[in-house]
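What follows is a single structure, written as structure tokens, with notes after it.
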Amino acid sequence: MSQRQILQVFEQYQKSRMQFVQTVAELATRPQNIETLQSAGVMSLLRPLLLDVVPTVQQTAALALGRLADHSDDLAEAVVKGDILPQLVYSLASQNRFYKKAAAFVLRAVAKHSPELAQAVVSCGGVDALVLSLEEFDPGVKEAAAWALGNIARHNAQLSQAVVDAGAVPLLVLCLQEPEVALKRIAASALSDISKHTPELAQTAVDTGAIAHLAQMILNPDAKLKRQVLSALSQISKHSVGLAELVVEAEIFPAALACLRDPDEYVRKNVTTLMREVVKHTPELAQLIVNSGGMAAVVDYLGDCRGNLRLPGIMMLGYVAAHTENLAMAVIVSKGVPQLALCLSEETESHIRSAAAWSVGQIGRHTPEHARAVATANLLPRLLQLYMDASSSEDLQVKSKKALKSVLQKCTHLPALEPLLYDAPSNILKHVVCQFSKVLPHDSKARRLFVTSGGLKKVQEIQAEAGSALQEYINCINNCYPEEIVRYYSPGYSEALLERVENYQPA
């Protein structure tokens with residue numbers, strides 16, 4: 001056999017290996033092929049090819065493994081059990097940039113599924129190798145490494161701390177300053193994943209100057225970058241007053257409000273989330289957002305979106321209103337109450353309705369004027385209906401009841417209270433009757449109206465236990481009227497009158 005023929009055998013073998021990994025990588029892009037590949041033992045066949053003498057075979061084998069691991073936690077588990085991770089970690093330090101990208105992709109795909117799988121990447125030295133890759137010259141390698149680190153950090157504080165301890169944060173902040181938009185996006189996303197767990201982790205991002213670099217990108221034309229930047233700033237702001245103040249001091253308002261008009265719905269949602277995380281801490285921070293025009297802008301935003309996109313805006317109105325009477329009045333003046341009423345009627349998801357009910361309660365609980373704004377938007381019967389509805393979730397019932405009680409205790413607008421006399425159960429009814437007992441003694445016009453509308457008659461029909469608070473409120477109302485009027489509207493009085501007519505003997 002000639003030398004050429006012998007070499008041809010090796011060439012053929014190389015071509016076959018190449019063809020195999022390319023085909024598997026291609027097949028792994030389609031979910032319907034995964035099960036067949038797995039049952040054919042694809043993992044054990046790909047593993048030795050990670051050490052192949054031909055770099056392209058190595059890279060494509062890693063790519064195929066990444067696609068398989070990305071597909072399900074079972075396959076990611078198989079990568080871990082197949083002892084493939086140490087090989088990938090070793091290769092991250094020694095191979096070319098194409099292989100590094102593919103290896104980082106596998107680590108990212110494994111880490112994304114669960115804290116246990118992410119821990120497997122940490123345990124085999126994956127984090128240190130990925131952090132070294134952040135120092136590579138090639139932006140694609142940095143991007144792949146940053147993405148994998150974000151997937152590890154997102155699960156819990158312990159994994160996030162492992163990423164911080166390996167020195168990732170300063171390098172991620174440097175990535176924010178690179179010209180490539182894709183790299184900026186992934187770096188901002190990773191910083192967001194690191195910062196979200198604890199104030200201490202968020203502080204590590206702050207200490208490396210992340211806020212200033214993120215703030216500069218709020219008005220970047222790239223929507224996906226803006227999403228990640230706003231998310232990272234939200235995750236930093238949420239933990240404490242001090243962190244929220246640092247974000248605000250980077251002068252992101254009112255510039256960030258321009259993002260509420262962005263065509264990308266997630267940019268709009270994320271800027272509303274950022275505002276929610278800032279305003280919840282103190283009246284001063286809430287006032288700052290109100291002064292910059294944030295309140296009216298969020299109310300408009302709520303009118304333009306539906307579903308979960310509304311949630312941070314609904315919560316933000318509640319947080320602002322919770323602080324002080326003046327801030328609650330700012331929500332009312334910005335037409336926040338009718339907008340929340342719309343949310344309560346249009347939305348079907350229980351958690352969104354719960355948030356809207358909670359916010360309504362925060363607005364109406366301050367003074368009679370605040371309660372009137374809620375009452376005139378016809379929200380009291382709506383809250384009662386949500387509380388009484390057996391199909392409402394437990395949380396929605398609790399929030400609706402609490403909001404209803406807190407508004408009722410301030411409400412002196414009697415026309416809005418009267419319908420509740422007919423529908424409310426006794427635990428709510430006592431608060432309704434209490435308000436009538438407070439107002440009627442001092443308002444002759446209201447007393448007259450209460451008789452002609454049928455309210456007094458309804459009160460006489462209420463079954464109250466002797467000596468109960470409810471009975472005392474009823475007595476207080478009855479004391480506002482002549483005794484014969486009260487008797488006239490009491491149950492059975494008309495029959496007694498008719499009986500007297502029948503028994504009456506004319507002289």
For a quick check of your reading of the model, give me the residue pairs whose first member lies in region 30-51 and is more than 13 Å from ALA64 (Cα to Cα), whose second is polar (S, T, N, Q), with beta-carbon atoms closer than 8 Å and at least 6 apart or on different chains.
LEU51/GLN58; LEU51/GLN87
Whichever residue in region 401-457 is small (Gly, Ala, Ser), more than 15 Å from ILE474 (Cβ to Cβ) and more than 41 Å from the chain's Cα centre (by Cα) and, among such residues, is surrounded by the most Cβ atoms within 10 Å (Cβ to Cβ)
ALA446
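Mind listing just one residue for me: the one in region 462-482 that is more than 13 Å from SER426 (Cβ to Cβ) and assigned to a helix (DSSP H, G or I) and, of those, farthest from the chain's Cα centre (by Cα)?
So the residue we want is ASN478.
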Do the conditions hold for GLN22, that is, is it surrounded by fewer than 19 Cβ atoms within 10 Å (Cβ to Cβ) and in contact with a Ser or Thr (Cβ under 9 Å, 6 or more places away or on another chain)?
yes
If the requirement is being under 31 Å from the mean Cα position of the chain (by Cα) and either assigned by TED's automatic domain parsing to the domain that holds LEU134 or part of a helix (DSSP H, G or I) (or both), which of these qualifies: VAL57, VAL79, VAL21, VAL106?
VAL106
Every residue from region 378-400 that is more than 23 Å from the chain's Cα centre (by Cα), surrounded by fewer than 23 Cβ atoms within 10 Å (Cβ to Cβ) and either among the acidic types (Asp, Glu) or within 23 Å of ASP443 (Cβ to Cβ) (or both)
ASN378, PRO381, ASP389
Just one of the numbered conditions (1) within 19 Å of ASP83 (Cβ to Cβ); (2) not in a helix (DSSP H, G or I) is not true of SER44; which one?
(2)
Can you say whether TYR488 is surrounded by 14 or more Cβ atoms within 10 Å (Cβ to Cβ) and modelled with pLDDT under 70, as far as the supplied structure shows?
no
Could you tell me which of the residues VAL267, VAL241, VAL248, VAL271 is within 21 Å of GLN287 (Cα to Cα), in contact with a Lys or Arg (Cβ under 9 Å, 6 or more places away or on another chain) and among the β-branched types (Val, Ile, Thr)?
VAL271
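Take ALA102 and decide whether it is under 24 Å from ALA61 (Cα atoms), in contact with a Leu (Cβ under 6 Å, 6 or more places away or on another chain) and without any contact (Cβ under 8 Å) to a residue 60 or more places away in the chain.
yes
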Of the listed residues (ALA375, ALA341, ALA321), the one being of a type in the set (A, V, I, L, M), closer than 21 Å to SER400 by Cβ and surrounded by fewer than 21 Cβ atoms within 10 Å (Cβ to Cβ) is ALA341
Among the listed residues HIS213, HIS239, identify the single one that is under 29 Å from ALA162 (Cα atoms) and assigned to a loop (DSSP other than H, G, I, E, B).
HIS239
Looking at the structure I just gave you, is SER292 in contact with a Leu (Cβ under 7 Å, 6 or more places away or on another chain), among the hydroxyl-bearing types (Ser, Thr, Tyr) and without any contact (Cβ under 8 Å) to a residue 40 or more places away in the chain?
yes
Considering only residues of region 34-52 that are touching a Leu at 6+ places or on another chain (Cβ under 9 Å) and surrounded by 17 or more Cβ atoms within 10 Å (Cβ to Cβ), which is farthest from SER72 (Cα to Cα)?
LEU50
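The values are calculated or read from the model by the stated rules, or taken from the named source; none is laboratory data. Note that this is a predicted model, so its numbers are computed, not measured. We place every Cβ from the backbone using ideal geometry, glycine too, and count neighbours over all the protein chains shown.
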